[in-house]
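A.B. asks: Starting off with a structure, shown below.
The values are calculated or read from the model by the stated rules, or taken from the named source; none is laboratory data. Keep in mind that this is a model prediction, so the values were computed, not measured. Here the Cβ positions follow ideal geometry from the backbone for every residue, glycine too, while neighbour counts run over all protein chains shown. Accessible surface areas use protein heavy atoms only, side chains included; no ligands, DNA or RNA. Shrake-Rupley method; radii C 1.70, N 1.55, O 1.52, S 1.80 Å.
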Amino acid sequence: MFNAELIEKAARFRGVDEDPTRNLSACPALVLNADYTPLSYYPLSLWPWQTAIKAVFLDRVDIVASYDREVHSPRLDMKIPSVIALRQYVKQSEFPAFTRFNVFLRDRFQCQYCGSHEHLTFDHVTPRRLGGRTTWENIITACAPCNMKKGGRTPKQAGMPVYQAPIRPTSWQLQQAGKLFPPGYLHETWRDWLYWDVELEA
Ligand SMILES: [Zn+2]
């Protein structure tokens, strides 16, 4: 249950501009691995507060920091955890899942034909009708106008070279890509856990 997929799902619920402290339904907990490193850099290892509290009661996590907000029930008053750490270490898989989000992340949320950040879609580099498959190596981020313009042609036929040949990234490569995208909002208690491994500049 507590795997990378769930974390990604949780992160997707969260709008970039959202202030998690504004309402109770959006007080996500940053999830740290048992060695206190974030489970994933981006999307942030976030769980909805309900999941975080459930995990606390199942003894699966330790609370590292909390919001000032409290949840009340007949049986309990409890501050909502803002940072939690798994008790059991989760081994990261070498290769990330082939998801829409991860393709965007690999491509830095940038159209691989023109560099635009707007109206992003996916394009089969080798079109499906020419046998192109839906794989890491054949799917790239493309803006809608470029997608239309390219149509069912190869980049060569369309005269639209691809910025970066698509590859299947390792989890490490994807995390590196994630570091280019600081999240729109960081709760102050998260910062220490997110930036501890950033290299110091000479
Ligand atoms: Zn484009």
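A.B. asks: Take the conditions in a loop (DSSP other than H, G, I, E, B), away from the ligand (no atom under 16 Å from the Cβ), modelled with pLDDT under 80 and in contact with a Pro (Cβ under 9 Å, 6 or more places away or on another chain) and apply them to PRO183. Does it pass?
C.D. replies: yes
A.B. asks: Here's a follow-up. Could you count how many residues in segment 109-142 are within 9 Å of the ligand (Cβ to nearest atom) and on the phi > 0 side of the Ramachandran plot?
C.D. replies: 2
A.B. asks: Is it the case that some residue within segment 66-76 is of a type in the set (D, E, K, R) and farther than 29 Å from PRO48 by Cβ?
C.D. replies: Within segment 66-76, not a single residue is of a type in the set (D, E, K, R) and farther than 29 Å from PRO48 by Cβ.
A.B. asks: Scan segment 34-65 residue by residue and report those that are modelled with pLDDT of 85 or more and of a type in the set (Ser, Thr, Tyr).
C.D. replies: THR51
A.B. asks: Still on this model: So, LYS156, is that one assigned to a helix (DSSP H, G or I) and either more than 13 Å from the ligand (Cβ to nearest atom) or on the phi > 0 side of the Ramachandran plot (or both) or not?
C.D. replies: Yes: the conditions hold for LYS156.
A.B. asks: Tell me which strands (runs of 3 or more DSSP E) are completely within segment 39-150 and hold 1 or more residues being open to solvent by 20 Å² or more (accessible area, probe 1.4 Å), or say none if there are none.
C.D. replies: Passing ranges, in order: 61-73, 76-86, 120-124.
A.B. asks: Then there's this: Pull out all pairs, ordered by first then second residue, where Cβ-Cβ is under 6 Å, the residues are six or more apart or on different chains, the first lies in segment 77-88 and is over 9 Å from ILE63 (Cα atoms), and the second is open to solvent by less than 10 Å² (accessible area, probe 1.4 Å) and aromatic (Phe, Trp, Tyr).
C.D. replies: Sorted first by the residue in segment 77-88, then by its partner, the pairs are ILE80/TYR67.
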